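Below is one structure; the comments refer to it alone.
Every read-out reported here was derived from the displayed coordinates using simple, explicitly stated rules and does not represent laboratory data. Predicted model only: the values in this text are computed from it and were never measured. Methodologically, a virtual Cβ is constructed for each residue, glycine included, from the backbone with ideal geometry; neighbour enumeration extends over all protein chains shown.
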Amino acid sequence: MLLEHGADYTKMGNDDKGPLTIAHLAYINGLEDVLDEIIKRSKESKNISHLVPIFSELTTIIDDVFAISWENCYQTDMQTLKKLMSVSGITNAQDESGHTPLHHAVDSSNVVLTQIILKANPDLNIQNKYGNTPLHAALDSNCKYDDDAYIEIAKKIIRNGADLTIKNNKKLTAFEQYQRLGENLREFQSSIKENRIKQNSKNGRIL
């Protein structure tokens, strides 16, 4: 095995989707033994940022009719997710674009994956290279093709105590960005109230 001879498993590869890490390529090609070895070595070296892009593929429904069944795909994804979540610090790790696992879960409109990551208490306010937090990603103009999922994800992130005042590189908060699309915040009022309670609790205030 090349890994045993010192191959650099943190190197980037490319496909039509853009740059991919070796771990990511191992995952999407079903090379579980290779991925397991990379995860093991990453734990030992504490070099984990190259594992983050794999989250963009988890629990994705495969459209190809010749692909394995969705049930098997889901089980494989959940097993891989369990292994990834066992890596210390993975929930706040960032890839080359500054994306965390939560950014990737949001981008894939994956409510279940988002929920699992949120249960691990990640930092909700980490910004990628564009200054976008996961909440910015959920309320982005590029996320209009599956509104219900993105709205549900945004509500979960808000209720879990995300900082609603953070501005991205365009000097916009997530809500300001959302309102520029002609949307209103009416459906987020309950979540915003829960967010304020959580923030006040953190600050030791008595409501």
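See the values below:
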item	result
Neighbour net charge for residue 185 - beta-carbon separation under 13 angstrom, K R +1, D E -1	+1
Amide H contacts under 5 Å for residue 21, placed H, 5+ residues apart	13
Amide H within-cut-off set for residue 167, under 5 Å, with H built and near neighbours excluded	none
Trypsin sites (Lys or Arg not before Pro) restricted to the range 79-138 and DSSP loop, no more than 16 other C-beta within 10 Å	129
Two-site label geometry, residue 186 and residue 202: point separation in nm, points 7 Å out along Cα→Cβ	3.0
Using θ = phi - 60° and Karplus 6.51 cos²θ - 1.76 cosθ + 1.60, couplings along the range 111-123 (whole Hz; Gly, Pro as x)	5, 5, 4, 4, 4, 4, 5, 4, 5, 8, 6, x, 6
